[in-house]
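Note sheet for the following structure.
The values are calculated or read from the model by the stated rules, or taken from the named source; none is laboratory data. None of the values given here were measured: they were computed from a predicted structure. Virtual Cβ from ideal backbone geometry, glycine too; neighbours counted across all protein chains shown. Accessible surface areas use protein heavy atoms only, side chains included; no ligands, DNA or RNA. Shrake-Rupley method; radii C 1.70, N 1.55, O 1.52, S 1.80 Å.
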Amino acid sequence: MKSIVTLTVNPAVDINTDVSQVVPERKLRCGPPQREPGGGGVNVARAVHRLGGDATALYLAGGPPGEMLAGLLEGEGVAHRALSVDECTRENVIVYEEASGLQYRFGMPGPRVTEAEWRRCLDELAALDPTPDYLVASGSLPPGVPEDFFGHVAEVARDGGAHLIVDTSGEPLRHAVEVGTFMLKPNLRELRELVGEELEGEHEQVDAARRLVECGQVEVLVLSLGAGGALVVTAESVTPVRTPTVPIRSKVGAGDSMVGGTVLALARGWDLLAAVRFGVAAGAAAVMTAGTELCRRDDTERLYAEMQEALEGV
């Protein structure tokens with residue numbers, strides 16, 4: 001299997017709990033908290049591990065929460081490497097309200113990262129030996145990290161020969177695209193922001209994705225459509241991948257699971273469309289789990305088999 005490294009510059013410790021009802025100005029009695037590793041690339045590496053593969057999570061971490069994050073990853077058996085920063089890794093709070101069945105997610109901004117710290121991160125990335133076959137840069141940027149950071153990451157990947165997969169949004173995504181990437185996985189909102197257009201219908205969405213591919217900025221664009229599945233756009237084709245119908249418990253973690261499933265399948269040597277189908281199956285499997293739990297291997301493999309059977313029956 002080819003090697004996978006994920007990069008997360010704004011990881012988190014996610015604290016999950018529940019409460020009967022969210023009411024202002026009252027002390028709310030919550031259930032026992034559960035702590036999990038969080039942040040885009042960290043979750044992608046966790047999803048790869050859950051699906052039976054290997055990926056190394058490279059991330060910035062600081063203070064006691066950073067030590068806790070490392071311990072949680074160690075406990076899950078996920079290969080990881082922390083790059084230290086002075087300020088504390090962020091902690092997010094996710095609260096499930098029993099009365100409504102709604103989930104409230106409180107995301108913190110993250111530590112302020114100095115220029116010396118984020119430049120050292122790029123140096124460490126460039127020094128990886130051997131260079132990973134697939135590099136997944138995913139998640140938000142913490143305070144202090146410039147918006148063109150993922151552009152620098154794209155340069156490192158290009159110079160080292162790694163296949164870069166980027167899953168972020170806004171200006172950080174734009175800077176990565178300007179340098180060039182192997183694969184993007186935007187949702188519709190992120191694609192609209194990237195091209196500066198409303199993209200009302202599927203024709204406009206496909207046209208926007210094709211323009212990015214045809215100008216050489218992106219080799220593969222996987223447009224995530226949620227319950228509608230995904231559109232896989234390359235220079236040669238546009239192919240829809242339909243998601244299986246599953247009971248919805250929580251949509252948290254579906255995108256990271258989708259990226260994890262896709263990159264794992266690619267690393268195993270699968271062709272592109274089969275890999276994206278496996279990723280879509282992993283995303284659907286994550287929707288079936290509660291809270292912030294990611295995909296489960298048995299659910300993912302079963303859903304993928306059902307998708308393959310449906311294709312063969314067409």
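Before moving on, here are some points about what is shown:
- Solvent accessible area, Å² - Trp270, 1.4 Å probe, full protein context: 80
- Most to least accessible of Ser84, Ser237 (protein chains only, probe 1.4 Å): Ser84, Ser237
- Exposure of Met307 as accessible area (Å², to 10), given a probe of 1.4 Å and all protein chains: 20
- Helix-only [θ]222 nm of the chain, DSSP H runs n ≥ 4, -39500 (n - 2.57) each, per residue, nearest 500: -12500 deg cm²/dmol
- Label-point separation in nm, Asp133 to His203, each point 7 Å along Cα→Cβ: 4.1
- Summarised as an ellipsoid, the range 38-191 has semi-axes of 24, 19, 17 Å, derived from the eigenvalues of the Cα gyration tensor scaled by 5 and square-rooted, with the largest first.
- The chain - charge dipole about Cα centre, Lys and Arg +1 at Cβ, Asp and Glu -1, debye rounded to 20: 720
- Heavy-atom accessible surface of the chain: percent carbon and sulfur, 1.4 Å: 48
- In terms of accessible area, using a 1.4 Å probe and ignoring ligands and nucleic acids, Phe106, Phe150 rank largest first as Phe106, Phe150.
- Candidates Leu199, Ser138, Gly170 compared by Cα position along the dipole of the range 104-235: farthest toward the positive end lies Ser138, with charges placed on Cβ.
- Its residues counted as N, the chain yields a C-alpha radius of gyration over 2.2 N^0.38 Å of 0.97.
- Positive-end residue, the range 24-183 charge dipole about Cα centroid, Cβ charges, pick of Gly66, Pro33, Val78: Pro33
- Think of a 1.4 Å ball rolled over the protein heavy atoms: the range 175-226 then has 47 Å² of accessible area per residue.
- Euclidean distance of C-alpha centroids, the range 50-64 and the range 157-209, integer Å: 24
- Accessible surface calculations at 1.4 Å, restricted to protein heavy atoms, place the range 10-142 at 49 Å² per residue.
- Accessible-area ranking of Ser20, Ser257, largest first, probe 1.4 Å: Ser20, Ser257
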